[in-house]
Ligand SMILES: Nc1ncnc2c1ncn2[C@@H]1O[C@H](COP(=O)(O)OP(=O)(O)O)[C@@H](O)[C@H]1O
Ligand SMILES: [Mg+2]
């Protein structure tokens, strides 16, 4: 197998106080390779979002570090340097609520590209990303308020893909959708590794969706284990 795009090395998380820390995530090791999809499953409160937030660099780990292409992305107590944030991008559970409500999707993606210092022609990137996300390009001109739940999730996928990350992390991206919309969105997500060459880390409590991923990590009471 090729060298991993991302390696989590003993990443753990605790909250509470220094004297009375409560462990949310026990030190976990796993790797993501180019072109693969890895599911993260487990009960509510198991620690899945904690893991996802550390990998995204949104939450500082208490222990361990994450490497992207062998270089430190984030480490204990540290979130990633601004210049490396583009390497890992997220798709939230409810994009309709996470994207700025009054900003057309295109402008919101342009802002993200500018903020992350992504080079190249933004309109070409956005067009290609909408295609990858199977988002009707006309919907780029709408604000999130004028999108359905499924369309907003596709807009969030387009936003993540436009940045050109090596890893996309999606945290329960289908859980706010009805079954038919959820199935279409799952297809779009699962096609990302093949279409972008990156890796997909997909947090879900949908066992059927996890079954379609290449591998499965199970989180139980903060302990991460590869179960398939
Ligand atoms: N900063 C925090 N403050 C309080 N509790 C937290 C904090 N971070 C995580 N937790 C707790 O850690 C556990 C794991 O949470 P989470 O990662 O959101 O689980 P999941 O996404 O699997 O439902 C939960 O019990 C949650 O309440
Ligand atoms: Mg969660």
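The values are calculated or read from the model by the stated rules, or taken from the named source; none is laboratory data. Since the structure is predicted, the reported quantities are computational estimates derived from the model, not experimental observations. Glycine gets a Cβ as well: all are built from the backbone with ideal geometry, and neighbour counts include every protein chain shown.
Here are the numbers for the structure shown:
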item: Single residue of segment 167-181 satisfying the filter (crowded, with 19+ Cβ neighbours inside 10 Å and away from ligand 1 (no atom under 16 Å from the Cβ)) that is nearest to the chain's Cα centre (by Cα); result: 168
item: Filter result (under 16 Å from the mean Cα position of the chain (by Cα) and farther than 18 Å from residue 96 by Cβ) within segment 130-160; result: 132
item: In segment 4-19, residue modelled with the lowest pLDDT [restricted to those that are surrounded by fewer than 17 Cβ atoms within 10 Å (Cβ to Cβ) and away from ligand 1 (no atom under 12 Å from the Cβ)]; result: 18
item: Condition check for residue 194: within 16 Å of ligand 1 (Cβ to nearest atom), outside any strand (DSSP E or B) and modelled with pLDDT of 95 or more; result: no
item: Among the candidates 164, 184, residue that is more than 16 Å from the chain's Cα centre (by Cα) and either in a helix (DSSP H, G or I) or away from ligand 2 (no atom under 16 Å from the Cβ) (or both); result: 184
item: Where a residue in segment 203-220 is under 15 Å from residue 174 (Cα atoms) and its partner, wherever it lies, is assigned to a strand (DSSP E or B) and at pLDDT below 95, with Cβ under 6 Å and at least six apart; result: none
item: When residues of segment 22-56 are limited to those that are more than 12 Å from ligand 1 (Cβ to nearest atom) and more than 15 Å from residue 10 (Cα to Cα), the one nearest to the chain's Cα centre (by Cα); result: 56
item: Residues of segment 197-228 satisfying the condition of being more than 16 Å from ligand 1 (Cβ to nearest atom) and farther than 23 Å from residue 151 by Cα; result: 197, 211, 214, 215, 226, 228
